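First up is the structure itself, then whatever we jot down about it.
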Number of protein chains: 2
Amino acid sequence: MKDMTNLDAFEVGFDIPAKPGMDEADIQTPCLVLDLDALERNIRKMGDYAKAHDMRHRVHGKMHKSVDVAKLQERLGGAVGVCCQKVSEAEVFVRGGIRDVLVSNQVRDPAKIDRLARLPKLGSRIIVCVDDLDNVAELSAAAVKHGTQIEVFVEIDCGAGRCGVTTTPEVVEIAKAVEAAPNLKFAGIQAYQGAMQHLDSYEARKEKLDIAIAMVKDAVDGLKAVGITCELVSGGGTGSYYFESNSGVYNELQCGSYAFMDADYGRILDKDGNRIDQGEWENAFFILTSVMSHAKPDKAIVDAGLKAQSVDSGLPVVFGRDDVEYVKCSDEHGVVMDPKGVLKVNDKLRLVPGHCDPTANVHDWYVGVRNGKVECVWPVSARGRAY
Amino acid sequence: MKDMTNLDAFEVGFDIPAKPGMDEADIQTPCLVLDLDALERNIRKMGDYAKAHDMRHRVHGKMHKSVDVAKLQERLGGAVGVCCQKVSEAEVFVRGGIRDVLVSNQVRDPAKIDRLARLPKLGSRIIVCVDDLDNVAELSAAAVKHGTQIEVFVEIDCGAGRCGVTTTPEVVEIAKAVEAAPNLKFAGIQAYQGAMQHLDSYEARKEKLDIAIAMVKDAVDGLKAVGITCELVSGGGTGSYYFESNSGVYNELQCGSYAFMDADYGRILDKDGNRIDQGEWENAFFILTSVMSHAKPDKAIVDAGLKAQSVDSGLPVVFGRDDVEYVKCSDEHGVVMDPKGVLKVNDKLRLVPGHCDPTANVHDWYVGVRNGKVECVWPVSARGRAY
């Protein structure tokens with residue numbers, strides 16, 4: 001983890017890409033830039049939506065891995081806490097002061113279970129997902145050992161095809177075991193349909209979510225039939241939150257990407273057939289890159305390649321420009337076609353990355369800008385926290 | 001950068017994935033594992049080859065970003081120093097004690113040029129690539145300002161289609177300007193054919209390299225005609241080093257991936273039609289991952305997804321197993337098809353990543369193992385050093 005005790009000694013370009021007060025033009029590239037105005041508008045908008053629909057919003061901290069962004073989401077967007085995917089991320093958020101943390105994932109390694117069971121001692125509510133009866137006993141034993149309480153969501157695989165059980169009897173069986181296990185508390189259901197979030201068509205997404213909602217309703221009813229109440233039914237992403245909010249069964253959202261946006265999410269369409277990055281959400285998250293060679297007249301070579309982003313969901317898009325195009329990515333270089341030769345060496349471009357989550361995870365810092373000035377430099381607090 | 005002053009306080013799982021002395025079975029996943037025996041054999045083998053062919057070997061430090069690996073390459077493989085792609089990487093290697101460092105890339109940002117010009121004060125030879133006359137004056141002014149000497153390679157684009165000039169007159173013009181510029185020294189030619197390294201067929205690679213070698217010979221002759229000698233002619237990768245070594249014009253190699261190997265490089269074929277990871281080089285670099293859910297009988301979900309690797313060159317391959325297959329990758333999960341149900345929760349697998357360079361760059365640590373024990377935990381010293 002960064003030594004934050006001596007921040008002033010950090011050298012721009014070696015340790016950090018920028019310092020507060022600096023002109024945006026002087027930022028060292030490639031690095032992540034947050035448009036703070038756009039970020040704040042996105043956060044307020046989703047917060048207002050959740051409030052209007054009487055939904056809790058547990059923001060997905062795995063997207064940004066940042067304590068600072070999570071706290072902004074609490075302050076401006078009324079977020080109730082975070083979810084994250086790894087015990088090491090939960091440790092970062094708890095130590096950073098987030099008081100309600102869900103590990104929206106299975107934790108099976110004995111050492112990880114032990115670490116998870118210690119976390120409530122730091123004063124936060126800790127919830128974890130379970131999809132296997134054996135795991136109930138493992139979690140219970142660790143919580144007893146540390147004298148803590150771990151809360152449990154039973155995870156339903158409602159279409160992602162990864163972790164999670166797929167039938168109501170399995171949900172009921174695990175929930176009953178949780179209720180019977182010392183130092184565990186059944187807190188509800190995790191049902192995030194991840195696979196549908198990126199389907200372009202609103203109707204195609206709705207179709208998938210209708211199936212998920214039916215599964216979740218059946219499980220909630222099945223639990224009720226044996227006297228078990230779900231305090232929380234949690235799920236929903238940037239491509240689906242309106243479905244969960246109007247389902248009558250979910251009461252907690254888990255959106256992440258809405259705050260930053262990316263090129264892949266931006267392409268999906270809303271109810272009216274408009275791209276969601278053309279009105280619903282703003283691009284607030286960019287890779288700032290510089291032209292470093294223009295030895296060929298129609299090609300600018302920029303300094304952001306595979307080590308400045310993840311291209312799993314496609315190449316980045318040059319923000320606000322249709323005269324140039326990022327067409328190729330190698331380890332440290334990007335090739336930007338510049339047919340009219342409008343770019344010069346040291347020109348800076350903002351790239352909208354294909355996929356925000358794994359792109360944020362490559363960087364150590366967010367540089368927050370407003371009105372052409374660097375306002376803040378925030379660590380990607382849980383960067384690399386994969387274990 | 002990691003605070004290394006208090007390493008013993010690092011907590012396994014939160015700060016680091018393992019500690020020296022630990023059993024391999026107790027390593028926290030996902031993390032990078034180096035098979036130290038295989039790594040050392042690869043390093044010695046390439047070192048012996050370079051020596052036998054009277055070639056300098058400037059290892060590509062951008063691949064591993066590790067001072068520890070670079071020093072092992074100096075000690076066991078006779079490496080003369082490193083090349084790297086970023087000023088921030090050069091700063092890490094110089095501060096780490098590497099005495100001959102080439103930034104095999106263009107440096108154009110004024111602040112970066114200033115940092116580069118300060119580096120020779122720390123006692124290392126510093127070389128940088130140039131493909132633009134304007135850059136000569138910029139570098140010279142910075143070196144004069146700091147009272148240092150920067151050495152310069154003129155970069156020839158011999159097929160990668162990125163940075164570099166493409167004609168001998170351009171090479172000669174820039175070299176002359178370097179020779180005339182205060183505090184700069186012309187040191188030779190950079191000519192790395194990156195685009196051909198991953199062509200499967202040996203003959204296809206040879207064809208591309210023959211073109212590159214012809215370009216480089218022409219440039220060296222053109223320089224000689226105006227009285228300029230190339231001390232170094234540098235290039236060559238894991239898919240081509242035998243061509244450069246036998247070219248009669250190159251005298252320095254820049255191989256990187258040979259030391260670690262990856263799935264994409266492993267698939268290319270040697271002269272005899274054998275995969276290069278089946279004899280020429282050994283897989284020494286793995287992502288260690290654990291099964292974290294097996295709720296479906298034929299599918300194991302593992303804990304290494306997009307945040308533990310780069311999939312730009314394809315999905316990882318499960319090492320030493322043909323009964324299971326990694327078929328899908330999301331942010332924190334991998335789906336491993338397990339048709340016979342042989343895997344159990346907490347089983348560990350070694351994955352050979354598609355592409356070693358950007359995969360190493362996602363992690364903070366290398367866990368070095370030998371005979372089932374953790375022998376060392378090395379920082380990925382220049383991780384995230386992209387600026």
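Numbers below:
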{"quantity": "C-alpha long axis of helix B:67-77 to longest principal axis of chain B, angle in °", "calculated": "80"}
{"quantity": "Extended-chain gain in nm, criterion 0.36 nm per residue less alpha-carbon gap, B:S201 and B:A137", "calculated": "18.8 nm"}
{"quantity": "Tensor-based shape of segment B:1-127 (alpha-carbon gyration tensor, a/c under 1.5 rounded, otherwise prolate or oblate)", "calculated": "oblate"}
{"quantity": "For A:D131, net neighbour charge (Lys/Arg +1, Asp/Glu -1) across residues whose Cβ lies under 9 Å away", "calculated": "-4"}
{"quantity": "Rg over Rh [alpha-carbon atoms, Kirkwood Rh] for segment B:36-262", "calculated": "0.95"}
{"quantity": "Nitroxide proxy distance, nm - points 7 Å out along Cα→Cβ at B:R99 and B:K224", "calculated": "3.1"}
{"quantity": "Dipole of segment A:36-262, positive direction: furthest Cα of A:L76, A:N251, A:H198, with charges on the beta-carbon", "calculated": "A:L76"}
{"quantity": "Segment A:36-262 - percent relative contact order, Cα under 8 Å, separation 6 or more", "calculated": "19"}
{"quantity": "Choice from A:R205, A:R267, A:R162 with maximal GNM fluctuation in chain A (Cα, 10 Å cutoff)", "calculated": "A:R162"}
{"quantity": "Point-charge dipole on Cβ atoms (K/R +1, D/E -1) for segment A:36-262, about Cα centre, debye to 20", "calculated": "820"}
{"quantity": "Inter-copy spacing of B:D270 label points, which lie 7 Å from Cα along Cα→Cβ, given in nm from shortest upward", "calculated": "6.0"}
{"quantity": "Kirkwood Rh in Å, taken over segment B:9-80 so that all alpha-carbon pairs contribute", "calculated": "14.0"}
{"quantity": "Debye equation applied to the C-alpha atoms of the protein assembly as shown, log10 I(q)/I(0) at 0.07, 0.09 Å⁻¹", "calculated": "-0.50, -0.83"}
{"quantity": "Charge sum, other residues only, whose C-beta stays under 9 Å from A:T168's C-beta, Lys/Arg counted +1 and Asp/Glu -1", "calculated": "-3"}
{"quantity": "Mean separation of Cα contacts under 8 Å, 6 or more apart, over the residue count of segment A:15-94: relative contact order %", "calculated": "26"}
{"quantity": "Sorted by Cβ neighbour density within 10 Å, fewest at the top, the residues B:L34, B:L133, B:L76", "calculated": "B:L133, B:L76, B:L34"}
{"quantity": "Teacher prompt: B:P110 distances to equivalent labels in other copies, 7 Å Cα→Cβ, nm", "calculated": "6.1"}
{"quantity": "Which of A:K299, B:K121, A:K340 has the fewest Cβ neighbours within 10 Å, and the rest in rising order", "calculated": "A:K340, B:K121, A:K299"}
{"quantity": "Across B:K112/B:K145; B:K45/B:K348; B:K296/B:K340, pairs whose alpha-carbon gap is larger than 20 Å", "calculated": "B:K45/B:K348"}
{"quantity": "Value of relative contact order over segment A:258-320, rounded to a whole percent, pairs C-alpha under 8 Å and six or more apart", "calculated": "26"}
{"quantity": "Label point 7 Å beyond Cα along the C-beta direction, distances from B:R75 to other copies (nm, shortest first)", "calculated": "4.8"}
{"quantity": "Nearest 10 degrees, 0 to 90: helix B:168-180 Cα axis against chain B principal axis", "calculated": "70"}
{"quantity": "Leading residue at positive end of dipole, segment B:36-262 (Cβ point charges), from B:L116, B:V226, B:I156", "calculated": "B:L116"}
{"quantity": "Segment A:171-224: Lys pairs at Cα distance under 24 angstrom, eight or more positions apart or on different chains", "calculated": "7"}
{"quantity": "Ranked A:T166, A:T229, criterion: other C-beta atoms within 10 Å, fewest first", "calculated": "A:T229, A:T166"}
{"quantity": "Ratio of the Cα radius of gyration of chain A to 2.2 N^0.38 Å, where N counts its residues", "calculated": "1.03"}
{"quantity": "With Cα atoms, 0 to 90° folded angle of helix A:133-146 axis to chain A main axis", "calculated": "90"}
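The numbers here are math on the coordinates, done by the rules we state, and not lab data. In this text the structure is predicted, and so the values were computed from the model without any measurement. Methodologically, a virtual Cβ is constructed for each residue, glycine included, from the backbone with ideal geometry; neighbour enumeration extends over all protein chains shown.
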